[in-house]
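Have a look at the structure below, then the notes.
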Amino acid sequence: MVKFYNYVDNNKLEFAVIAAKYKGKWVLCKHKDRDTYEFPGGHRETDEDILATAERELYEETGAIDYNIEPISIYSYGGDKAETFGKLYYADIKEFGKLPNFEIERIELFDKLPDKWTYPEIQPKLLEKLDLVKRVMSES
């Protein structure tokens, strides 16, 4: 189950996930070992600021070199094990460099999001939160 928070202690944040667009299209990653799609994101390294995690993962998983990034929400996932915390970001990518040779096979751009999510119990909920936050911000 995904839950959203206004605040949790910074040291509890283990992940950064970045919902990203490029020229109005969703940017999703295809991992080398899976046949599903996911948002760029990953684990926070020791003593790394969570924004630095988001920026590093965005580059490592998409090759993005010029972008605007903004925090959206803190979330947690309980699943079958203990609750883990992450931070959701939104990025508007302006320019890509070469995709680094890590775990991502390729990125793909989508007008409409695919059904084959790597984390189907998490990613759609993050999208709903992003949509809600964007709507509220545009109304203010």
### Task
Name every residue in the stretch 25-48 that is assigned to a loop (DSSP other than H, G, I, E, B) and either touching a Gly at 6+ places or on another chain (Cβ under 8 Å) or touching a residue at least 12 places away in the same chain (Cβ under 8 Å) (or both), in order of residue number.
LYS32, ASP33, ARG34, ASP35, THR36, PHE39, PRO40, ARG44
#### Entry: Total residues in the stretch 87-116, condition over 20 Å from GLY24 (Cα atoms) and either open to solvent by less than 40 Å² (accessible area, probe 1.4 Å) or of a type in the set (Gly, Ala, Ser) (or both)
2
### Task
Take the residues in the stretch 11-42 that are open to solvent by 20 Å² or more (accessible area, probe 1.4 Å) and β-branched (Val, Ile, Thr), then tell me which one is nearest to ALA82 (Cα to Cα).
VAL17
### Task
Just give me the residues in the stretch 56-82 being assigned to a loop (DSSP other than H, G, I, E, B) and in contact (Cβ under 8 Å) with a residue 40 or more places away in the chain, in sequence order.
GLY63, GLY78, GLY79
### Query
(1) at pLDDT 95 or above; (2) closer than 26 Å to ARG135 by Cβ: which one isn't true of GLU95, the others all being true?
(2)
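The values are calculated or read from the model by the stated rules, or taken from the named source; none is laboratory data. The structure presented is a predicted model; accordingly, all values stated were derived computationally and were not measured. Note that we place each Cβ from the backbone using ideal geometry, even for glycine, and neighbour counts take in every protein chain shown. With ligands, DNA and RNA removed, areas are computed over all heavy atoms of the protein, side chains included. Shrake-Rupley method; radii C 1.70, N 1.55, O 1.52, S 1.80 Å.
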